[in-house]
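To keep things clear, I will list the structure first and then write my remarks on it.
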Amino acid sequence: MKKRILSFLLAVCAAASLLVLPAQGAAVTRFSDVSDQTTSTAVEVLRLMGVLDGYKDGTFRPDTQLTRAQFCKMAVYAMNGSSELGMHRTVTVFPDVKPSHWAAGYINMAAKGKNIIAGYPDGKFYPERKVTVGQAVTILLRMLAYKDENVGGVWPDSYMAMAQTIGLTEGIRAGGNDVLTRAQAARLFVNLLSVDKQEGGKLYTLSEETDLISLDGGSGTMKTSTESYTMVHPTDSSSLTGSRGRVVLADGKALTFLPNSTGTGIGSASAAVIIYADGSGAGLEALAGTTGYTIYKNGTPATVKDLRKNDVATYYPATNSILVCDARLSVYYEDCTPNPTNPTKITALGHEFQVLPTAQDSLAQFKPGQQMTLLLTADGQVAGAAKPEGTVRSNVVGVVEDGVVQLLCGTTMIPIQTEAAKDFESQVVRVSSIQKDRVNLSRATGNATGDLKVAERKLGGKKLTDNVTIYRDGKLITLNQLSASVVPNGQILYARTNWAGQVDLIVLRGALDDTTIYGRAFWTSSREEIYVKDENGKGPNDEGYIETTETLYTEALGVETPTRKVGPFKMKYNVQTGDYVAAKLNRNESGFSSMVKLTELKDVSNNAWIGDTAVTFGSRTYIVDPDTVLCYNRDTKDWVSLEKARDYADQANLYVQDGVVRVIEVKAASK
């Protein structure tokens, strides 16, 4: 059967110039600094739980050591306890963990709410100390209901021995007194999901074996080959898609997906077909080895007639589905490994791309120093290359987050590092390069306009795809995280329709818009004596002029932020000194093109906070970004950190826009 498939594939290649070879590709990880699939897959399992993730620059930093506070936060999410943080946020369990500490809720909940951690003999917790493997193992064993009498009296040796016996430390080569790394923590938490508790049974209910088909962050649904589940932490595409395993269930909802193996290259394509004509399915049956497959194009159900020339198709046998991606990226060919004739990796835009064996023939027509267009798979691998002309011109866009361009390719994001990104923060950009070590960015223009109607799942008159991707303030969010029922068109930076005319990508304007400034308004006034006509109607330049002056008072408006003062400019807006505002500069920065007062929430108690990232007030939850929120002490008239602001007073005035807290003002309580 395999020989017959191979013969057909080779025949299709010769007849239609399709790039098809059923070869085995190397395991592909999501992180540029992770070489093993085991760690990459473990992190993906934890990402779905909200426990752990990589960094925005595409790295995971596996050898970074964790603190006791960081591990407590991970443990709370692993216990699905994040919803209970509010009741633990304002109490003081350890004298060195004040309510203002970013991890107070997690530490207090782990100590008193779940009884899985303890402090040192002096009563302190020491949150910033590095956590050891023995301490981490002890916490996880307590989560599994193991007590000292079950384990033995020698710590950490007895706990390490028990962990090894039940499989908790499988894959971990470290002693109990060694400091725990991020990679080791990822493996520990994944092991936690599959080992038995002290009294028997698992920490969570596991479904029967099934295949993971898709994740839809918009509806919060995990689809498997046997059932659909509501996700505890809604999120979109996963590198676990196509793997076989079990759904981890918490109160009937999907907490994460646990694959049967963590080191087999899950979610990576190893062969591809490039569609050679519109509406053609040639090569798909041979790729799949069957006729009963399902087609998804850019994550949306599709048929053969929806396919277009130069689309790339890959097959995932676990779900019997063909994923089609139309991502094309025109680049300057910088380098390759090992050689241009048989490359396994190529470098472009400063990024190293994995090359499928099926792409080598077309790539062999190019060499470093030339321009070409890469045809990419849904997981970001190179399926082929062509001259950048006609229907193979670049169509990939990216979102700039914290100075890194995240290229949106099928079900993955490809991080591109470039100095040019600093001028496009939180914008959607098109990417190109015409020479080595130089990336050109230009602002992308979408092809869909109108208000976003959240409940109707429409933008203007166009429907949203089931798995629509939404960015806000440079961060990936889901549709159900939007607090407003209607998002005005003016707040939509970019919206794109897919091959079916449905909106599949939306980028919303937010705090990181490069022309929006949040801060305190202030007025200045100046006094100037000017010459005016005298009593005889003569001007200053006329003969016989009698010197006559008037006093001219001029007011100007500015905005103060923690790092600068913008303005003042001679213009008028209906604001007073001390008002907190959102202002937008005009193109030449000679004045404000708009200015609005932020909505005030008065006397919000510290008890209303959920960690450092959200506040519940008046039956509504507002988002807080600890990295960007501004804090002002009205008593000292200084801008302060979030930690200092919350430590200074038991309540504060919050100033919000679009459901996000932009400014916090504190002052001492009146006596």
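For the stretch 66-211, relative contact order (Cα pairs under 8 Å, six or more residues apart, normalised by length) works out to 22 percent. Computed on the stretch 404-467, with alpha-carbon pairs under 8 angstrom and 6+ residues apart, the relative contact order is 18 percent. A protection proxy built from the mean count of other Cβ atoms within 10 Å ranks the segments 589-598, 414-423, most packed first, as 414-423, 589-598. The value of relative contact order for the chain, using C-alpha pairs under 8 Å at least six residues apart, is 9 percent.
Each peptide in 271-282, 575-586 was scored by the mean count of other Cβ atoms within 10 Å over its residues; highest first, the order is 271-282, 575-586. With both labels modelled 7 Å from their Cα along Cα-to-Cβ, the residue 91 to residue 531 distance reads 7.9 nm. Taking a quarter of the surface of the Cα convex hull of the chain gives a mean projected area of 39.8 nm². Structure shown: which of 602/667; 422/644; 602/644 lie over 21 Å apart, alpha-carbon to alpha-carbon? Distance filter (> 21 Å) returns 422/644. The calculated FRET efficiency for the pair residue 177 and residue 352, based on their C-beta separation and a Förster distance of 25 Å, comes to about 0.10. Computed with the Debye formula from one identical point scatterer per Cα of the stretch 205-259, without solvent, the log10 of I(q)/I(0) at q = 0.30 Å⁻¹ comes to -1.35.
Take 124-134, 454-464, 645-655, 349-359 and order them by the average number of nearby Cβ atoms within 10 Å per residue, most first; the result is 349-359, 645-655, 124-134, 454-464.
Any read-out appearing in this document is the output of simple, stated calculations on the displayed coordinates, not a laboratory observation. No experiment lies behind these values; they were computed from the predicted model shown. Cβ: placed from backbone, ideal geometry, glycine included. Neighbour counts: every protein chain shown.
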